[in-house]
1. For the stretch 150-198, treating each Cα as an identical point scatterer without solvent, what Debye log10 I(q)/I(0) comes out at q = 0.24 1/Å?
2. In percent, how large is the relative contact order of the stretch 11-59, given Cα pairs closer than 8 Å and 6 or more residues apart?
3. Assuming R0 = 30 Å, what is the FRET efficiency of Glu45 and Ala74, from their Cβ-Cβ distance, to the nearest 0.05?
4. Around Leu178, which amide H atoms from residues at least 5 apart in sequence, or from another chain, sit under 5 Å from its own amide H, with H modelled in the peptide plane?
5. Pairs on different chains or at least eight residues apart, Cα atoms closer than 26 Å: how many lysine pairs in the chain fit?
6. In whole percent, what relative contact order does the chain give with Cα contacts below 8 Å and a gap of six or more residues?
7. On C-alpha positions alone, give me the angle between the axis of helix 156-174 and the longest principal axis of the chain, in degrees, nearest 10.
8. What shape does the stretch 20-131 take by its C-alpha gyration tensor, where a ≥ b ≥ c are the square roots of the eigenvalues and a/c under 1.5 counts as rounded, a/b above b/c as prolate, and the rest as oblate?
Amino acid sequence: MSSDDKAQPRKRLSREERRRQLLDVAWQLVREDGTEALSLGRLAEQAGVTKPVVYDHFETRSGLLSALYLDYDARQSVMLAQALDGCEATLPGRAGVIAAAYVDCVISQGREMPGVSAALAGSPELEALKRAYEQPFLDKCRAALADFAPSGAIGAAGMRLLVGAAEALSQAAAAGELEVGQAKDELQAAIIAMVERQ
């Protein structure tokens, strides 16, 4: 490294840029060492910042886990909205888009998400938070599919069925137990069957 390189001051990150950096480092830690190894102190060390910086953004480990889940959920919602914008207005078309968006989002996040989800499920408060974060995604799915249901609506049980099948098939694909295309096809078929029974 030249003396000119050393003399260059590091760019100060905005609050949002720092938060993004911390989330990216947290995802990397979960990917490499699992959710159990994730602590605010370890995140500070790996991100090259002081502990107060991390505590200022997340306050607690639960806060960090919640932020990771929200980050994932936001990505999933964006993927679904983009996919629904250009899809054909048929039940198979919309079911296929929802299936593909869900599986693709889980695959893009790798194996980190099951650990974060499991950690969130560890307490009633965190489970309630997870459910609240899921709701906008479920609302988009319900709106995209309701016109094709015989009753004109999709109930809460149907939406829970969709999420359960989506999580199981996506995780199986992420773990290599199923081909990605097979997971998408099976999920599409499950969504179609669920809608037709409403």
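1. -0.80
2. Working: 27 pairs, mean separation 14.7, N = 49.
Normalised by residue count, the contact order of the stretch 11-59 is 30 percent.
3. Values: r = 26 Å, r/R0 = 0.88.
FRET efficiency, Glu45 to Ala74: 0.70.
4. Excluding prolines and chain starts, which carry no amide H, the hits are Ala173.
5. Values: Lys6/Lys51; Lys11/Lys51; Lys51/Lys130; Lys130/Lys140; Lys130/Lys184; Lys140/Lys184.
Within the chain, the lysine pair count is 6.
6. 21 percent
7. Helix 156-174 and the main axis of the chain meet at about 60 degrees.
8. Details: a/c = 2.52, a/b = 2.16, b/c = 1.17.
Since a/c reaches 1.5 and a/b is larger than b/c, the shape of the stretch 20-131 is classed as prolate.
Since every read-out is calculated from the coordinates, none of them should be taken as a lab result. Every value quoted in this text rests on a predicted model; they were computed, and no experiment measured them. Backbone-built Cβ (ideal geometry, glycine too); neighbour counts: all protein chains shown.
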